[in-house]
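What follows is a set of notes on a single structure, which appears directly below.
The values are calculated or read from the model by the stated rules, or taken from the named source; none is laboratory data. All of these numbers come straight from a predicted model, not from anything done at the bench. Cβ placement follows ideal geometry from the backbone for every residue including glycine, while neighbour counts extend to all protein chains displayed. Accessible surface is based on the protein model in full, side chains and every heavy atom, while ligands, DNA and RNA are left aside. Shrake-Rupley method; radii C 1.70, N 1.55, O 1.52, S 1.80 Å.
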Amino acid sequence: MATIKDIAQIAGVSIATVSRVLNYDTTLSVSDETKKRIFEVAEELSYKKKSSIRKQESGRIALLQWHSEKEELEDLYYMSIRLGVENRCRHHGIQVVKYFQDNYGDLREDEIQGLIAIGKYSSKQVKDLLAITKNIVFVDSSPDEEKFDSIVIDFEKATEKVLNYFLEKGHERVGYIGGREVFKDKTSKIEDPRERAFKRYLAEKDSLNEAFMYIGNFSVDAGHTLMKQAIQEHGENLPTAFFAGNDSIAVGALRALLEKGVSVPDRVNIIGVNDISISKYVFPSLSTIKVYTELMGETAVDTLLERIEGRKTAKKTFIATKLIIRNSSF
């Protein structure tokens, strides 16, 4: 595993700066550009697959990230997928042009052979993208599996893995800290499969207490705020285990527990989702569901090339997940 020192050397900053950025230290004053450089280096060092460069392909593809560049720094899951796409394009010798949510209107001006759309898009947005190109692969969503290729994760099954683990370890009070999202054009809310699976599965086990569920957004700040609220509301009755909807939420929750003197994992266990690069570097190191984000990006590129080469039938690909136990749970 790459060390904080390795990241600092490549990013050109101090070890202390890297440590504080990876732990989302709110007292640190550093530019978004520096944060981005550190996060990208950390992700690249976690990206172990090194491929030879193939012969240059003709044409180019577009990569659309549903977040803005600033929002991407709060949710490294999407950054990691993007880097997987870019690495695979380098492998194939393909030119990739990048767009973010705040500038994707410019996409019409570029001649592209196909598009990889990372994130979640409303019906109207999908229609707009279809007007640009018919060769589209959606990553992390599947707006129409009869029409479009997609690369997705079964987050309901991943949630069940975590809950099974907690129940097998004897936890009787299990909490949830999650987030909800809306399409960027604000046409509707997006139902979250982790929250849905959490409620369904624990209800089936007669172990659901909705008072232990807290919903905000998928950010470090939300995890911090909601965990503080849980500590205040439940006191000695605080759940002994929490499932966090993503690693960013889990990092914020860990910080709140540390500030309040609640021992992790002796008093509270935490398990997140995604296994973003910083999960290894926070204290205590974060147990999490590993989502193979780099493979999602690689698969998206290969799937798009199949479309460009003439495949007509839509294909939906599920990428497996794995539970990784570190020091935030036992």
With a Förster distance of 35 angstrom and the Cβ-Cβ distance between residue 207 and residue 103, calculated FRET efficiency to the nearest 0.05 equals 0.15
Reduced to Cα centres, the span from the range 303-329 to the range 1-42 in Å works out to 29
Taking placed amide H atoms and a strict 5 Å upper bound, the residues 5 or more places from residue 246 or on another chain that come that close are 273
Note to self: C-alpha centroids of the range 194-227 and the range 260-297 sit apart, in Å, by 16
Taking the chain and counting helices only, DSSP H stretches of n ≥ 4 at -39,500 (n - 2.57) each over all residues, the nearest-500 ellipticity at 222 nm comes to -12000 deg cm²/dmol
Relative to the chain, whose Cα atoms define the longest principal axis, helix 293-308 and its Cα axis are tilted in degrees, nearest 10, by 20
Residues meeting the amide H criterion for residue 97 (H placed from the backbone, H to H distance under 5 Å, 5 or more places apart or on another chain) are 61, 62, 63
In nm, the gap between the two label points placed 7 Å beyond Cα toward Cβ at residue 188 and residue 325 is 4.0
Cβ-Cβ cut-off under 12 Å around residue 288, Lys and Arg +1, Asp and Glu -1: the net charge is +3
Note, the range 149-162: 3J(HN,Hα) by Karplus (6.51, -1.76, 1.60, θ = phi - 60°), whole Hz, Gly/Pro = x, goes 6, 8, 10, 9, 10, 8, 6, 5, 5, 4, 4, 4, 4, 5
Carbon and sulfur atoms account, in whole percent of the 1.4 Å probe accessible area of the chain, for 48
Burial-style ranking of 261-269, 81-89, 247-255, average other-beta-carbon count within 10 Å with highest first, yields 247-255, 81-89, 261-269
Going through 127/184; 134/184; 127/147; 134/186 one by one, the pairs whose alpha carbons sit over 18 Å apart turn out to be 134/184; 134/186
So, with points 7 Å from each Cα along the Cβ direction, the residue 199-residue 111 label distance in nm works out to 5.1
The Rg/Rh figure for the range 198-330, Cα atoms and Kirkwood Rh, to two decimals is 1.10
Here the relative contact order (percent) of the chain, from C-alpha pairs under 8 Å and at least 6 apart, is 19
Residue-ordered couplings for the range 171-185, obtained by feeding phi - 60° into the Karplus form 6.51 cos²θ - 1.76 cosθ + 1.60 and rounding to whole Hz (Gly and Pro as x), are 6, 9, 10, 10, x, 9, 10, x, x, 10, 10, 10, 4, 5, 8
Number of Lys pairs in the range 208-330 closer than 18 Å at Cα, excluding neighbours under 8 places apart unless interchain, is 4
Given pairs 70/98; 157/199; 70/157 and cut-off 24 Å on Cα-Cα distance, the over-length ones are 70/157
Ranked output for segments 116-127, 10-21, 293-304 by mean other Cβ atoms within 10 Å, highest leading, reads 293-304, 116-127, 10-21
Length gained if residue 259 through residue 164 is fully extended, taking 0.36 nm per residue and subtracting the Cα-Cα distance, is 31.3 nm
The answer for residue 213, listing residues at least 5 apart or on another chain whose modeled amide H is closer than 5 Å to its amide H, is 176
Karplus-derived 3J(HN,Hα) from phi for the range 187-203 (6.51 cos²θ - 1.76 cosθ + 1.60, θ = phi - 60°), whole Hz, x at Gly and Pro, runs 6, 6, 7, 10, 5, 9, x, 5, 5, 4, 5, 4, 5, 5, 5, 6, 5
